[in-house]
Amino acid sequence: MAAEGRVRLTWAELPDGVAHLVSGRLGDRVVGAVSHDGGYSPGLASTLVLASGERVFVKAVAAEEHPFSGELYRKEAVVAEVLAAEVGAVLPAPAFRWAVEEAVEDGTGEQDWVVLAFDAADGPGPQLPWQPAELAEALDLVADVGRIEAPEHPRIPPVAAMVFQEWHLLAADTVLQQRLAGLDEVLGRWLLDRMETLAALADTWPQVSAGSALVHHDLRADNMVRAGGRLLAVDWPYASVGAPWLDLLGMMPSMALEGGGDPGEVFTAHPVGSAADPDAVTAVVAAFAGYFLHEALQPPPPGIPHVRAFQRDQGLVCAAWLRTRLGR
């Protein structure tokens, strides 16, 4: 998705205390910085150039000022450490270097800043709208992730532990139902008439999502970069254990919005997708549709105002796909 309207903190805007913290951990003076404005976090996301010429990617956020992003960065720091130790070079991702959380005086008082550092990428991920060669490359990346056996670690939980109650919540709230109907006249009515069926499908998530593969659980074009002549996946806070086709299915809604084609056709044409149980796929599409659409109707999380529109659009893609799969 385009980054229009999204504002990230740049290196030049970083409070002196935080800049000194980062420079101290890097062990060198920062002489240049390139901000990466994609994604949904308001924090710093920049490739820093050191006096030695080395390049390092650093992300940082003020945890109290942006609590949602702060918790996400904390989670990512823990997961990155686990994956680096347990999966290592097999992981198709830039190498994790370090993470730190420290109270810093930043001009508004002292508050905790969460900072993570990774090897820098050589360039951005796929160009959008999707082009056939890069789409094929991205799908190969998804397949590579699904081939990795997930580490047995409490910080990498099973996706089956998640609960998708959104259709039940929508069925119990007439105000949300009215707003859901307003998102799309045809699809909204179709969904409202089948909420009991959709809720029952989503309730099977623990069974249909189970597996032993590593799942990124947020793998889209804006979470891909290019390094060493290949695409790599970044931003792993939601890493979990599950079926090897979950990341492929999870990428389909954003891919469709970005000109990548019909999600059902792309999914079933891929070897990972064609090997998935069709009933399990339908259940997961139902769970994702309910999640995206219910979340789209909520107030935006602090500091991330644009995510609700993206969730709405992905939810409508899932709803249309679901209607085709159910054939009614």
(request) Take the residues in the range 88-97 that are surrounded by fewer than 19 Cβ atoms within 10 Å (Cβ to Cβ) and among the hydrophobic types (A, V, I, L, M, F, W, C), then tell me which one is modelled with the highest pLDDT. (result) A95
(message) touching a residue at least 12 places away in the same chain (Cβ under 8 Å) and in a strand (DSSP E or B): is that true of E102 in this structure?
(response) yes
(message) For the range 7-41, give me each residue that is in a loop (DSSP other than H, G, I, E, B) and loosely packed, with under 15 Cβ neighbours inside 10 Å.
(response) V7, T10, G27, R29, D37
(request) Taking only the range 289-315 into account, find how many residues are in contact with a Gly (Cβ under 9 Å, 6 or more places away or on another chain), part of a helix (DSSP H, G or I), in contact (Cβ under 8 Å) with a residue 40 or more places away in the chain and of a type outside the set (D, E, K, R). (result) 7
(message) Exactly one of these conditions fails for A143: (1) touching a Gly at 6+ places or on another chain (Cβ under 9 Å); (2) touching a residue at least 40 places away in the same chain (Cβ under 8 Å). Give me its number.
(response) (1)
(message) With the structure loaded, tell me whether E64 is at pLDDT 95 or above and either at positive phi or in the same structural domain as R97 (by TED's automatic domain parsing) (or both) or whether it fails that test.
(response) no
(message) If a residue must be surrounded by 19 or more Cβ atoms within 10 Å (Cβ to Cβ) and without any contact (Cβ under 8 Å) to a residue 12 or more places away in the chain, how many such residues does the range 42-86 contain?
(response) 0
(request) Working only within the range 86-108, note down all residues that are under 17 Å from G70 (Cα atoms) and among the small types (G, A, S). (result) A99, A103
(request) Determine which member of the set P263, P305, P278, P299 is crowded, with 23+ Cβ neighbours inside 10 Å and not β-branched (V, I, T). (result) P263
(request) Say whether the condition of being farther than 30 Å from E149 by Cβ and assigned to a helix (DSSP H, G or I) is met by at least one residue in the range 54-68. (result) yes
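The values are calculated or read from the model by the stated rules, or taken from the named source; none is laboratory data. These numbers were taken from a predicted model, which means no experiment stands behind them. Cβ: placed from backbone, ideal geometry, glycine included. Neighbour counts: every protein chain shown.
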